[in-house]
Amino acid sequence: MNIALVTSEVTYIPHNYDNLILPLLKLGSVKLLIELENRSLALFLKAAGLRVLGAKRVSYHLARNNFCTSSKLRELACKEQAKTSKKIKTMNSEQALTLMSEHHIDLIINLRTRCIYKREILESTRLGCINVHHGILPLYRGTMCDLYALSEGRAAGFSVHKMERKVDAGEIFRIQEVSNDYKNYADYLALTNQFELKVLTDLIEEIESLDALPKGLANTSKAKPIYTKNPDKKTIAKMLEKGMLL
């Protein structure tokens, strides 16, 4: 079994998501790490804008990760584990398809990217692609679902599902609730990393044992799905009024 991990060069997660990425690189089936290049001045300006809006912690981590990326640390970890590390612009490219072929990748695991995969890359590997969605499927879809859940006092967590051309669709393999009472979003994200590591490690072991994806749950809901997006100025203000620490 050969697995490729795909993540963003820069995230707004404390420690830039390395508390998940680096342990996963130690798994024998993980052969390739792809970082999607998103480090830019525009991202730094976005971080500055979030600080002005009151999201000081998210702003700090995004700005810090933009200037102090984990790329060297990840490259070193890959070298130590005899894995390959590559940086590319997007998964929807000939370069990505070539990497899947050259490394005989069976499964792609998408971790914290905003890339919407097209048909060619979704069908480029034997088992396809799975994604860690930061919301409780099938009801909560879109971006930053966990933040909205915490601000509304609902259970926040993540789901692992098969990726299809439609965003947040595909069979659900794992649903994990993390918390419903965290007010400090950065602390919640750090806690979530611990849950993700266990859930993904267990799922990878199951996939290796089956040499196939397990039977998942239908990604459908009797209720109308609720879609969220990056909060705007007004939404951030309301979250801060509720006591959220952003």
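The values are calculated or read from the model by the stated rules, or taken from the named source; none is laboratory data. All of these numbers come straight from a predicted model, not from anything done at the bench. Cβ sites come from the backbone with ideal geometry, for glycine too, and all protein chains shown count toward neighbours.
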Take Ile172 and decide whether it is among the aliphatic types (A, V, I, L, M) and closer than 27 Å to Ser29 by Cβ.
yes
All positions within the stretch 69-107 that are free of Cβ contacts under 8 Å to residues at least 24 places away in the same chain and either over 24 Å from Arg119 (Cα atoms) or in contact with a strand residue (DSSP E or B) (Cβ under 6 Å, 6 or more places away or on another chain) (or both)
Lys72, Glu75, Leu76, Lys79, Glu80, Ala82, Gln95
Result of the Cβ filter at 6 Å on the stretch 189-200, keeping first residues that are among the polar types (S, T, N, Q) and partners that are surrounded by 17 or more Cβ atoms within 10 Å (Cβ to Cβ), at least 6 apart or interchain, is Thr192/Val178; Asn193/Asn19; Asn193/Leu20
Scan the stretch 155-182 residue by residue and report those that are out of contact with any helix residue (DSSP H, G or I) (no Cβ under 7 Å at 6 or more places or on another chain) and at pLDDT below 95.
Lys166, Val167, Asp168, Ala169, Asn180, Asp181
Just one of (1) of a type in the set (S, T, N, Q); (2) part of a helix (DSSP H, G or I); (3) buried (at least 19 other Cβ atoms within 10 Å of the Cβ) trips up Asn19, so point out which.
(3)
Being surrounded by 21 or more Cβ atoms within 10 Å (Cβ to Cβ) and within 15 Å of the chain's Cα centre (by Cα): is that true of Phe195 here?
no
If we ask which residues in the stretch 148-169 are more than 14 Å from the chain's Cα centre (by Cα) and either within 19 Å of Thr235 (Cβ to Cβ) or crowded, with 23+ Cβ neighbours inside 10 Å (or both), their number turns out to be 8
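Considering every residue within the stretch 211-227, establish whether at least one is acidic (Asp, Glu) and in contact (Cβ under 8 Å) with a residue 24 or more places away in the chain.
Narrowing the stretch 211-227 to residues acidic (Asp, Glu): 211.
Among the residues that remain, those that are also in contact (Cβ under 8 Å) with a residue 24 or more places away in the chain are: 211.
For the stretch 211-227, residues acidic (Asp, Glu) and in contact (Cβ under 8 Å) with a residue 24 or more places away in the chain: present.
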Pick out, from the stretch 26-141, the strands (runs of 3 or more DSSP E) lying fully within it that include 3 or more residues that are crowded, with 18+ Cβ neighbours inside 10 Å and touching a His at 6+ places or on another chain (Cβ under 8 Å).
129-133
Residue in the stretch 37-47 that is at pLDDT 95 or above and within 19 Å of Leu200 (Cα to Cα) present
no
